[in-house]
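The values are calculated or read from the model by the stated rules, or taken from the named source; none is laboratory data. A quick note: this is a predicted structure, and the numbers were derived from the prediction, not measured. Here the Cβ positions follow ideal geometry from the backbone for every residue, glycine too, while neighbour counts run over all protein chains shown.
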Amino acid sequence: MAYSTFERTPPPFFRQGPSALTRLLLFSALAVLLMALDVRFKVTPLLRQGLSVAIYPLQRAAQAPVDWSRRLGGYLEAPAKAQAEISRLQRANVALSLQAQIDAQLRLENNRLRALLHLQQSLPPKSVAAQISAQAADPFSRTVVIDRGSLQGVELGAPVIDETGLLGQVTRDYPWSAEVTLVTDRDAIVPVQNQRTGERGVVYGEPGLGQGGMELRWMPAAADVHVGDVLVTSGVDGIYPAGLRVARVTSVTRQRDTAFARVMCAPLADVDGGRQVLVLQPLTPLVAGPKVQKSGKTASAPAAAASASSR
């Protein structure tokens, strides 16, 4: 083989391009040219818009897992947030209902006793928000258990209300819970006042379904009481604040052979399905020890004031 047939150029693997300095100068000039064109002819925004349109599907595909995870997290947190908001609104509703009842009672007193402007205005009682957690297993009593006790400020004998009226009274107090005897229990006694006429009386619990749930006893046959009258607490017992709605008269039966009318009532509070309640502070704390009746429940102070309020 002739020596002249050998290729004298280096192989392609060892070939070298422009030097680094040459490339630097070339790309620097290109960058300066692009900046000048961008300032003069506004070329870069169009190029940027084109690139953004081209890579938009890739951006959405890369962002999709993050969006899905956020939506899934929001979907899982939504029920808990909604339940917390419902509980907060229910507690606020109960508190506003108590304030509305107190305001209505104050307006009634101001209309009837306009001349006595120097009478000391009654302050709203302190209250503890609670929730009904269980119902007593005793079929012969109407009691429920709330999730607040003596450590949270619940006192023995404290009135318990919901957003519509008086629910009952605390008859057993524990550190973290308490038992509430409903107004429809056969041993429940509440001194009341007819909101229309102002006449006082005493309401007793009557759990029979056919009898409305409560009975206004010892009312004279000639008493001015009619179906639809609203009974509120009279406040003479030193336990219940005046003006709390208790019951509505459902039937009035007058017989010639008796001096008293049979007045049946229905409780205004949701004694069967309520959950959010307010536990009020008694107007007068119980000083003497609780008296235990035959049924095993604690006798409340309204029982002691029943005879005085019915006179």
> V154 fails exactly one of the following numbered conditions: (1) surrounded by fewer than 17 Cβ atoms within 10 Å (Cβ to Cβ); (2) assigned to a loop (DSSP other than H, G, I, E, B); (3) within 20 Å of the chain's Cα centre (by Cα). What is the number of that condition?
Replying inline: (1)
> All but one of (1) touching a residue at least 60 places away in the same chain (Cβ under 8 Å); (2) touching a Lys or Arg at 6+ places or on another chain (Cβ under 6 Å) hold for R200; which doesn't?
Replying inline: (2)
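Which count do you get for residues in segment 226-262 that are among the hydrophobic types (A, V, I, L, M, F, W, C) and farther than 11 Å from V192 by Cβ?
6
Would you check if there is a residue in segment 189-201 being among the charged types (D, E, K, R) and modelled with pLDDT under 90?
no
Return the only residue of T164, T184, T197 being part of a loop (DSSP other than H, G, I, E, B) and in contact with a helix residue (DSSP H, G or I) (Cβ under 8 Å, 6 or more places away or on another chain). Explain how you work it out, then say what you get.
Details: T184 fails: in contact with a helix residue (DSSP H, G or I) (Cβ under 8 Å, 6 or more places away or on another chain); T197 fails: in contact with a helix residue (DSSP H, G or I) (Cβ under 8 Å, 6 or more places away or on another chain).
Exactly one of T164, T184, T197 is part of a loop (DSSP other than H, G, I, E, B) and in contact with a helix residue (DSSP H, G or I) (Cβ under 8 Å, 6 or more places away or on another chain), namely T164.
Residue-wise test of (1) at pLDDT 80 or above; (2) more than 20 Å from the chain's Cα centre (by Cα); (3) under 30 Å from V277 (Cβ atoms).
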{"position": "R60", "(1), (2), (3)": "yes, yes, no"}
{"position": "L72", "(1), (2), (3)": "yes, yes, no"}
{"position": "K81", "(1), (2), (3)": "yes, no, yes"}
{"position": "L108", "(1), (2), (3)": "no, yes, yes"}
{"position": "L119", "(1), (2), (3)": "no, yes, no"}
{"position": "S122", "(1), (2), (3)": "no, yes, yes"}
{"position": "S127", "(1), (2), (3)": "yes, no, yes"}
> How about segment 227-246: which of its residues are farther than 20 Å from P282 by Cα and crowded, with 18+ Cβ neighbours inside 10 Å?
Replying inline: D229
>> Being at pLDDT below 90 and surrounded by fewer than 17 Cβ atoms within 10 Å (Cβ to Cβ) is true for just one of A223, A137. Which residue is that?
In response: A137
>> touching a Ser or Thr at 6+ places or on another chain (Cβ under 9 Å), closer than 30 Å to A130 by Cβ and surrounded by 10 or more Cβ atoms within 10 Å (Cβ to Cβ): is that true of L89 in this structure?
In response: no
> Are any residues in segment 256-298 in a strand (DSSP E or B), modelled with pLDDT under 80 and within 15 Å of A158 (Cβ to Cβ), and if so, which ones?
Replying inline: T298
